[in-house]
Structure formats: structure tokens, C-alpha cells
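Student: The structure is given below, and queries will be raised subsequently.
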Amino acid sequence: MKNIFLTVIICLLFSACRKATTTGNNEDFGTLKQTVLNDFVDNVAIPQYQDLSEAALNFNNDITALNTGATEQNLSKAKESWRGLRTVWEQCEGFLFGPVEDDNYDPYMDTWPVDYVQLDSLMASSNPLNISDIQNLSTLSLRGFHPVEYILWGVDGNRTAASITAREKKYMVSLSQDLLNNTTALSNSWITGLGNFGKQVKTAGSGSALYSKKQEVFLAIAQAMADICDEVGSGKMAEPFEAFDSSIVESPFSNNSVIDFKNNIIGLGNVYNGTYSTSGKGITDLVAAKNVSLDNKIKQQITTAINSFDAISVSYELAIFNQRTQIRNTMQALETLQTTLEEELKPFIIQYITD
Amino acid sequence: MKVKKSFIITAVLVLPAILIMCRKPEAFNEDEIDPRLSGGISTVFDETSQAFTHHMQGINIRDLHVHGLGDSRFEGTFVTAPAPVNSGLGPVFSNVSCISCHHNDGKGTPSFGTVNSSMLMRISLKDIEDAHGGPVAIPGFGLQFQDLATFGVQPEGKVILNYTDSNITFPDKEIATLRSPQYYFENTYTPLPANFNFSPRMAPSVFGTGLLEAIPEATILSFADENDKDNDGISGRPNYVWNPETERMELGRFGLKANTPTVKVQVASAYQQDMGVTNSLFPQESSHGQPQYDGRNDEPELPDSILNAVAFYVRTLAVPARRNVTDATVKQGERIFTQINCSGCHKPTVYTGVDVTLSVLSNQRIHPYTDLLLHDMGDALADNRPDFLATGKEWRTPPLWGVGLLQKTNGTPFYLHDGRARTLEEAILWHGGEAAGAKQKFTQLSTADRNALIQFLKSL
């Protein structure tokens, strides 16, 4: 009996001494790298951009309905679909690289702040406000999400459907058509055209004109993830917070900023997990294959960051005055995640993805 | 005399130590230094589209905070005054934010008048200079042709840019196509003079400027060879320009013709001329005295704290590390770069001086590939618009660090002062004047050697 007991103990000790094995062999890891790139393009990026242009189409329909029937019901429907459009857009910001950046889609849609002085003179002018006139304006602060947000909510959020003037209606119709055009072009840029960016990503290291190695595109993805943490934590949140200034909050008319921020990080999570409407292989699988504890750490930090936004229970405009601890916690969570992505995920990619 | 044994032992041990201490420090050998560190100790390792956007490694938390404040303002879109944030755009301007032209802190797109255009047009009267030897403003237009305006305000006009193609055939029968730009001024709100000077400029990359500012003036002057005493066909001379902050003439380091003394003056003049945002260094609207002037009397529109933060941001943007430095082709290209004397102007290695406020800038061994001097680049590149001491044919040697990353940071890369070159090869082929010899040698290289040189440039 004693001997059996001893044998069991010794066996246990030896098995504890055994080196941790990595799951799968090198060949599997090589296949996985390609699968992750394919799934990032086909399961995450393209479906999200397609949803974006679909959400822009919804919004455009609701704006058209509000234009012809200025009822409170139509106004709230338009507001709701604006928020829906923002949700997808902010999630797409989890991977801000490629055409959205190189071809300036971002400033065409998301320029901030709204130029009140110019907007007033535009409304007071005899500019026909057709889509072509909007496209000819010399500043982008008169185009995109935020001027139309201003029309739908008004400065104080008390906009009524009846108070939207005929010229404002004309302007909002052109603005939503402009958003639809841009989101559609952005979506197509990943699928077709000269660039066919989706293909450039998928063929990284095997014929891509932009990425001569797979490592480069993985680093671009990781960098984009780190950058969105920085933009939200150190930019969009920190600036109004530090200045005690609610006038410099991102979506000030709709009070949508906290949701905007959270969706940015949800978008980052989608990229890491390779999952959007359908599940696929993500960077998580590559990391887990070589370093389970790093994968767990990143997943846990993403979850912590996303959940931390729920502690901010009032609009961001108010929270910078009376929920400063909660904001500080979120900014800290974002900084922690950003540091892990820059100081551990990027070196991981450099070490294990060398082709 | 009997010397104690212990004394001898001590002496034997201590003397070499003392002698070692007397030994003069020696420089490291080339092969002991990491060639990737183009920006010295603060070099950043990133080869993505964000490669130019990082702060220098090793700055302290307070400096990092100021850098961050400047970063967000660099990206901030300016709007018409009065506004709660980023107030003061226009009335006439070339673009709405720093980042609109300096895409990802790098270069941009060679076009005019659209929201993502990175070109501006400097203008001035012909054959006349101001009290400091600088260009003289055209009445009704100023020193820059602002082709955009806020709603309801008439821009100064429109610039039309066309290209004409021509072919160059290498001895090995390979053909390169160069596009030559032509500029036309249209729809001006009031007529321009019959004859005037103009110079198109594309926004250059802005990282690494803190290091360039930290190069001792004596070092830059030591590169100058105004009368070409060494007979290598390359002269190189400094520009001396007016600094409105110190109110004296200083060595020009920045701007495509070295017509700006410091990063802060560069940033301040860009705010005022490019965006119409007045500041303490340039307190007058660019449209002052013109019908477009808003008459708001709200100068300066930009607080000094923001001007300083943005200048600090630019000064502390890190230089990206080189890639593929051990690749045989790249190393061959590096040798050719020196052999055909590209390095005559594009100085590979320079040392910075001391900046007591920023240790990461101090005593750094950097690889900017510039001498910061003016060189005659020949007729084909000439803008024929003198700028302080720079003649109409002279341009400042641009730094080459980061040049291999432009495709990543910009989507499509463009090279030279006006973005006419679409490839590095085209950029080399445009070289003339003092660089004609090096260009000539480049065309006579074998296909493999030409490729090696390009691969070397792409590793920067």
C-alpha cells in the first residue's frame, strides 16, 4: 500500500515537471495564421463594413421618411437608426487601417467638431443643398455623422420634428445620402476595385502588393487595436475629463459618447476573437497555441475594459463632473490593455510570425 | 631597501587599474552599433502605417503628457470662430488640420483644393526682397495662395495641376516614365500680377525634427563647401532666415528650402498660413487687408499653450527603425549609395548636441541622410522663387529616414518637394545640378545594382 502511494506521488511529481507542450505542431500553426487572416477579412472586416452600409441605408430610409412626414415618431425612428449606424461604425474603428485611413473615409464621415458658424451661414444661404453641393463644400466639418446629429437632436437635445426647417430637412437628406455613398464605397474597397484590400490582407506574404510578410499585416492589426485604446482612453475620454469641459465630448447632441467608446472596444474584441456575426479563428487562437497565459490575459483585459463602461451610468457630458472615479477606472483599463497589446502581443507576433 | 611584499602585490593590482582609467574612451566600431537605430536611443520599432506617429522612447511622464496634448491638437479639425473648441479656421486657408496634409505624420497627396490635398502654393513678387532678404508678399494675396475658404467667403482662387510624361531609357534599355508638373492659377478673386514667383510644396513628414533641431550649427556648417573646394561637384550652403520669435537672422533648418529656423516657427506659420489660425508669433490673419478678412479682432486665435504643445509633439515624434539591415542586397545598396556619392548630401550619420531639457535628443548618433544644406538641383526641379539665401534652383537636402515606409503610411507614396515622383527611382532620376553626377552614375549601374540601391532606400 505504502509503495503504491509512493509510486503515485512520484508519478505526480514527474508529470508536474513535464514541460508545457504547445498545442499543435508548426504546420498547424502555419495553417492557422492563414485561417486567421482569412477569417479576419471574411468574418470580421467585410461583414462589418457591409453592415455599416446597410445601417446607412436604413438611416437614409428613415431620414427620407422624416423628410416627407415630420412626425415625432419618424424623428425618434431616425434618431434610433442614427445610433444603430454609429454602433457599427464605432465597432469598425476597432480596425482603423487600410482604405478607411488611406483613402480618408474617416474624415469624410466622422469629422469633429461641428462648425456652428459655417452651418448657420449654410442654412441662411441660397445654396441648393443637393448632394453635389454638399460634396463641394470646402470643409468636412459640414459633412458626416455630427452635423446630422445636430439636426436630429439640436444643441440641447430637445429638438421637435416640427421645428426642423425646410432647409435643414434638405441638408439632412443630402447628408444621409452622402453617408450612404461613403459607407458603400468603403465596403466595396475591401471586396473589389483596384486595391481589393481584403485580398491584399489575405495574400500577405504570398503576392500581396502591400504586405510582403504575414507579420506585417498582423502587426498592423495589433497596432490598430492598441491605437483605438489610446484614442478612446487618452483622447476622446481624457480630454474633456481633464479639461472639465463637456463641450468637447464626441457625440454631444445625442449623448451617445459612452456607447461610442464602448463600441470601439467591442470592435477591438471582434478583431482579436475573429468573431462577428459568425465565429471564426482569431489572433486569440494563435496566441493560445503558444502562450495560453498571454491569451487569457488579453481576453480578460478586453472584457474588463468593455464592462468598465457600464459603471458610467450618466451621459459622458455629466460623468466628467460627477463620475470621475468610474471614468478613471475605464481609462486605466484601456491603458492596461494598450500596454499589453504593445508590449506583449506585438513582440509575440514578431517572435512567432516571422514569414 | 626592502619593499614589503604586500605593497608590491597592491601596486601590481592597482597600477593597471589606474592606467586603464587614464585610457581615452574610443568610439565603438561600426559593427558594434545597431544600424537600425536611425533616430538614436529614442528610435521606435514599428513598420505599420502608424510608424511615424509614435512618441520618442524614453521621455518622462510629464513630457509624454504634453506630447499627448499636442497629438490631439495636431489631429484637431479647426472650425470657424467663434467656436468652443478649435476655433479660428480661415477665412481663407489651405486645409483644416495639421493631419489633413501630414497624413499619419508623414507626407500626403500631391493635389490642390480638396480636403485631403497636401499641397500648398507659396507666392511672392518678382525681383524684390524684404528687409531680411525674404520674399515679398503679393498685395491682395500674401505669401501663400489660399485656395479654400469658409462657407460664403471667396477663396483666393484655384490651382490647376497637370502632368506631362516623358521617358528616360537606361543603358540596359529599361525605360522609366517621369511626369513633369505644370501649374495654372484660375478663378482668382482679383487679378494676380502679370509676373510673380510661385513655388508648389507638398507637406513633408514631420517626425525626427527634434533631432534635426538638436544638430549643432557648427556640424551643419562643417558640411558646407560653398565654393566646392574639394572638387566633387557638390557645394552645399546654409540658408539664413528671419526668426520672428527671437527677431534675428538664424540658420534655416526646416521647410523645403530651409527657410524656417525652428520647429516652433514652422508650426506657428503653418497655423497662420495653412489654416488661418493666428498665434503669438504670427498674430495677423493671412487675409488681413483683403476683402475676405473677418474683422473679428480676436487675435491670437491659438493659445500659446497649444502652440507649444503641438511644437513639442512634433519635436518628440520618434524616428522609425530600419528594416532588413542584414540583407545582402540592402548592404550592397548601402555601399553603392556611398560609391556614387548620394552620401555627399544625404549624410548618413550625424551627431546631435546637448539639449538639457530632453535627454533623448542629446548626444545621439542619428542617420537622417541629410546635411540640412541648400543645393542647386538643376533646372528641371527649380521653382525659380528665391527664399532668403536659397536661389530659385536650390532646395534643402530632405532627410531620407522613413522613406521606405511611405507606402505603408500613405497608401500611395509620393516623393520630392511637389510629389511628382511616384517611385524612388523616379525621384533619383529627377536629380540634377549638383546631384547630376550621382544621377548619371545611377543610370549607368547594372539593373541588379540599381535594384540594390532601391532596396537600401526601402530599408530606411
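The values are calculated or read from the model by the stated rules, or taken from the named source; none is laboratory data. It should be emphasised that the depicted structure is a prediction, and the values quoted were computed from it without experimental measurement. Reconstructed Cβ throughout: ideal geometry from the backbone, glycine too, with neighbour counts over all protein chains shown.
Student: Just to verify a result, which residue in region A:230-251, among those that are farther than 24 Å from residue A:304 by Cβ and of a type outside the set (S, T, N, Q), is surrounded by the most Cβ atoms within 10 Å (Cβ to Cβ)?
Tutor: The residue in question is A:248.
Student: Which condition from (1) more than 11 Å from every other protein chain (Cβ to nearest Cβ); (2) in contact (Cβ under 8 Å) with a residue 12 or more places away in the chain; (3) among the charged types (D, E, K, R); (4) under 24 Å from residue B:418 (Cβ atoms) is the one that residue B:147 breaks?
Tutor: In the conditions (1) more than 11 Å from every other protein chain (Cβ to nearest Cβ); (2) in contact (Cβ under 8 Å) with a residue 12 or more places away in the chain; (3) among the charged types (D, E, K, R); (4) under 24 Å from residue B:418 (Cβ atoms), residue B:147 misses (1) alone.
Student: Can you find a residue that is within 9 Å of chain B (Cβ to nearest Cβ) and of a type outside the set (S, T, N, Q) anywhere in region A:149-158?
Tutor: Of region A:149-158, the ones within 9 Å of chain B (Cβ to nearest Cβ) are none.
No, region A:149-158 contains no residue that is within 9 Å of chain B (Cβ to nearest Cβ) and of a type outside the set (S, T, N, Q).
Student: Show the residue pairs meeting these rules: Cβ distance below 7 Å; 6+ apart or different chains; first residue within region A:109-130 and more than 9 Å from chain B (Cβ to nearest Cβ); second residue modelled with pLDDT under 95 and outside any loop (DSSP other than H, G, I, E, B).
Tutor: Pairs that qualify, where the first residue is more than 9 Å from chain B (Cβ to nearest Cβ) and the partner is modelled with pLDDT under 95 and outside any loop (DSSP other than H, G, I, E, B): there are none.
Student: Test residue B:285 against the stated conditions and say whether it is of a type in the set (D, E, K, R) and either part of a strand (DSSP E or B) or within 19 Å of residue B:387 (Cα to Cα) (or both).
Tutor: For residue B:285, the condition - of a type in the set (D, E, K, R) and either part of a strand (DSSP E or B) or within 19 Å of residue B:387 (Cα to Cα) (or both) - is not met.
Student: Now for a different question. Which residues, counting only those in region A:230-244, are in contact (Cβ under 8 Å) with a residue 40 or more places away in the chain, at the interface with another protein chain (Cβ under 9 Å from one of its Cβ atoms) and among the small types (Gly, Ala, Ser)?
Tutor: Hits for region A:230-244 are A:234, A:238.
Student: Could you grab me the full set of residues in region A:23-63 that are modelled with pLDDT under 95 and among the small types (Gly, Ala, Ser)?
Tutor: Within region A:23-63, A:24, A:30 meet the criteria.
Student: Hey, among the residues in region B:290-309 that are assigned to a helix (DSSP H, G or I) and aliphatic (A, V, I, L, M), which one's surrounded by the fewest Cβ atoms within 10 Å (Cβ to Cβ)?
Tutor: Of all residues in region B:290-309, those assigned to a helix (DSSP H, G or I) come to B:304-309.
Checking which are aliphatic (A, V, I, L, M) leaves us with B:306-307, B:309.
Values: B:306: 20, B:307: 22, B:309: 22.
Residue satisfying both the conditions and the ranking: B:306.
Per-residue answers, yes or no, for (1) over 17 Å from the mean Cα position of the chain (by Cα); (2) more than 13 Å from every other protein chain (Cβ to nearest Cβ):
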residue	(1), (2)
B:96	yes, no
B:109	no, no
B:113	yes, no
B:124	yes, yes
B:131	yes, yes
B:137	yes, yes
B:151	yes, no
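Student: Cβ contacts < 8 Å: first residue without any contact (Cβ under 8 Å) to a residue 40 or more places away in the chain, restricted to region B:108-121; second residue aliphatic (A, V, I, L, M) and surrounded by 19 or more Cβ atoms within 10 Å (Cβ to Cβ), any location; separation 6+ or different chain. Result?
Tutor: From residues that are without any contact (Cβ under 8 Å) to a residue 40 or more places away in the chain, the pairs are B:115/A:140; B:115/B:96.
Student: If you go through region B:98-107 one residue at a time, how many are closer than 19 Å to residue A:108 by Cβ and either assigned to a strand (DSSP E or B) or more than 9 Å from chain A (Cβ to nearest Cβ) (or both)?
Tutor: Result for region B:98-107: 3.
Student: Turning to a different aspect of this structure: Let me spell it out: the conditions are (1) assigned to a helix (DSSP H, G or I); (2) more than 10 Å from every other protein chain (Cβ to nearest Cβ); (3) among the charged types (D, E, K, R), and residue A:250 meets all of them except one. Which number is the exception?
Tutor: Among (1) assigned to a helix (DSSP H, G or I); (2) more than 10 Å from every other protein chain (Cβ to nearest Cβ); (3) among the charged types (D, E, K, R), the lone unmet condition for residue A:250 is (1).
Student: Tell me yes or no: at least one residue of region B:361-378 is over 17 Å from the mean Cα position of the chain (by Cα) and without any contact (Cβ under 8 Å) to a residue 12 or more places away in the chain.
Tutor: no
Student: Taking the conditions exactly as written (modelled with pLDDT under 95, of a type outside the set (Phe, Trp, Tyr) and in a loop (DSSP other than H, G, I, E, B)), does residue B:413 satisfy them or not?
Tutor: Yes, satisfied.
Student: Please pick out the residue among B:194, B:214 that is more than 30 Å from residue B:45 (Cβ to Cβ), more than 14 Å from chain A (Cβ to nearest Cβ) and of a type in the set (Gly, Ala, Ser). Please lay out each step first, then the result.
Tutor: Numbers: B:214 fails: more than 30 Å from residue B:45 (Cβ to Cβ).
After ruling out the rest, the residue left standing is B:194.
Student: Answer yes if at least one residue in region B:310-319 is of a type in the set (Phe, Trp, Tyr) and assigned to a loop (DSSP other than H, G, I, E, B), and no otherwise.
Tutor: no
Student: Against the definition (assigned to a helix (DSSP H, G or I), within 14 Å of another protein chain (Cβ to nearest Cβ) and either in contact (Cβ under 8 Å) with a residue 12 or more places away in the chain or more than 21 Å from the chain's Cα centre (by Cα) (or both)), how does residue A:227 come out, yes or no?
Tutor: Details: assigned to a helix (DSSP H, G or I): yes; within 14 Å of another protein chain (Cβ to nearest Cβ): yes; either in contact (Cβ under 8 Å) with a residue 12 or more places away in the chain or more than 21 Å from the chain's Cα centre (by Cα) (or both): yes.
Considered against the rule, which asks whether it is assigned to a helix (DSSP H, G or I), within 14 Å of another protein chain (Cβ to nearest Cβ) and either in contact (Cβ under 8 Å) with a residue 12 or more places away in the chain or more than 21 Å from the chain's Cα centre (by Cα) (or both), residue A:227 comes out as yes.
Student: Give me the pairs, please: first residue somewhere in region B:65-89 and within 18 Å of residue B:116 (Cα to Cα), second residue anywhere and aromatic (Phe, Trp, Tyr), beta-carbon distance under 9 Å, and either six or more positions apart or on two chains.
Tutor: B:73/B:313; B:74/B:313; B:76/A:112; B:77/A:112; B:78/B:93; B:78/B:271; B:79/A:116; B:89/B:78
Student: Tell me, which residue of region A:211-224 that is out of contact with any Ser or Thr (no Cβ under 7 Å at 6 or more places or on another chain) and in contact (Cβ under 8 Å) with a residue 60 or more places away in the chain is farthest from the other protein chains (Cβ to nearest Cβ)?
Tutor: The selected residue is A:214.
Student: Answer with yes or no whether residue B:357 is closer than 30 Å to residue A:216 by Cα and of a type in the set (Val, Ile, Thr).
Tutor: no
Student: Which number in (1) buried (at least 21 other Cβ atoms within 10 Å of the Cβ); (2) assigned to a strand (DSSP E or B); (3) in contact with a Leu (Cβ under 9 Å, 6 or more places away or on another chain) marks the one condition that residue B:155 misses?
Tutor: (2)
Student: Please find, within region B:12-51, the residue that is surrounded by the most Cβ atoms within 10 Å (Cβ to Cβ) out of those that are among the small types (Gly, Ala, Ser) and at pLDDT 70 or above. Walk me through it before giving the result.
Tutor: Residues of region B:12-51 that are among the small types (Gly, Ala, Ser), as a first pass: B:17, B:27, B:38-40, B:42, B:49, B:51.
Next cut, at pLDDT 70 or above only: B:38-40, B:42, B:49, B:51.
Numbers: B:38: 26, B:39: 28, B:40: 24, B:42: 25, B:49: 26, B:51: 26.
Once the filter is applied, the top-ranked residue is B:39.
Student: Hey, another quick one. Only one residue in A:28, A:62 is surrounded by fewer than 17 Cβ atoms within 10 Å (Cβ to Cβ), farther than 14 Å from residue A:277 by Cα and among the charged types (D, E, K, R). Which one?
Tutor: Numbers: A:62 fails: surrounded by fewer than 17 Cβ atoms within 10 Å (Cβ to Cβ).
That would be A:28, the only listed residue that is surrounded by fewer than 17 Cβ atoms within 10 Å (Cβ to Cβ), farther than 14 Å from residue A:277 by Cα and among the charged types (D, E, K, R).
Student: Test residue B:210 against the criterion of being in contact (Cβ under 8 Å) with a residue 60 or more places away in the chain and on the phi > 0 side of the Ramachandran plot, and give yes or no. Steps first, please.
Tutor: Working: in contact (Cβ under 8 Å) with a residue 60 or more places away in the chain: yes; on the phi > 0 side of the Ramachandran plot: no.
Judged against the criteria, residue B:210 is not a match.
Student: Return the residues of region B:62-80 that are aliphatic (A, V, I, L, M) and more than 7 Å from chain A (Cβ to nearest Cβ); say none if nothing qualifies.
Tutor: Within region B:62-80, the first condition is being aliphatic (A, V, I, L, M), and the residues that meet it are B:64, B:66, B:69, B:79.
Selection gives B:64, B:66, B:69.
Student: Same structure, new question: Count, please, the residues in region B:71-90 that happen to be of a type outside the set (Gly, Ala, Ser) and in a loop (DSSP other than H, G, I, E, B).
Tutor: Residues in region B:71-90 being of a type outside the set (Gly, Ala, Ser) and in a loop (DSSP other than H, G, I, E, B): 8 in total.
Student: Let me ask another. Among the residues that make up region B:83-100, is at least one of them closer than 24 Å to residue B:365 by Cα, aliphatic (A, V, I, L, M) and surrounded by fewer than 20 Cβ atoms within 10 Å (Cβ to Cβ)?
Tutor: Of region B:83-100, the ones closer than 24 Å to residue B:365 by Cα are none.
For region B:83-100, residues closer than 24 Å to residue B:365 by Cα, aliphatic (A, V, I, L, M) and surrounded by fewer than 20 Cβ atoms within 10 Å (Cβ to Cβ): absent.
Student: Sticking with this structure for a sec: State all residues of region B:81-94 that are under 26 Å from the mean Cα position of the chain (by Cα) and more than 9 Å from every other protein chain (Cβ to nearest Cβ); if no residue qualifies, say none.
Tutor: Hits for region B:81-94 are B:92, B:94.
Student: Another question, if that's okay. Looking only at region B:415-444, count how many residues are in contact with a Gly (Cβ under 8 Å, 6 or more places away or on another chain) and surrounded by fewer than 22 Cβ atoms within 10 Å (Cβ to Cβ).
Tutor: The total comes to 5.
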